[in-house]
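As structure tokens, the structure follows; a few thoughts come after it.
We did not get these values from a lab; they are worked out from the coordinates using the rules stated. What you see is a predicted model; the values in this text were computed from it and never measured. Neighbour counts run over all protein chains shown; Cβ positions are idealised from the backbone, glycine included.
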Amino acid sequence: MNDIVFAVTTNDDGTLTASWDDPCGGGITTQGTDLSHLQEMISDAVHCHFDDVPSRVKLHFVSDPTLAFA
């Protein structure tokens, strides 16, 4: 497997959830407090799930993220 795509959604409390459905059954779902934390959690989950880690992991944001500037 060369790459997998996680669907990323924003929860009501501002946290992020990423999920990937394995075509063979099962999948991965993880959460993070922000994008940086989510990336760490995805990396950890992918390394635990696969013996042969995919070369790329893509994130598909279900809704476009909004950046806030003070």
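Assorted remarks:
- Angle of helix 35-49 to the longest C-alpha principal axis of the chain, folded into 0 to 90 degrees and rounded to 10: 10°.
- Loop chymotrypsin sites (Phe, Trp or Tyr not before Pro), the chain, which have at most 11 other Cβ atoms in a 10 Å radius of their Cβ (DSSP): Phe69
- Highest-fluctuation residue, Ser43, Ser55, Ser19 considered, GNM on the chain with Cα pairs under 10 Å: Ser55
- DSSP-defined antiparallel bridges as percent of all bridges, the chain, nearest 5: 60
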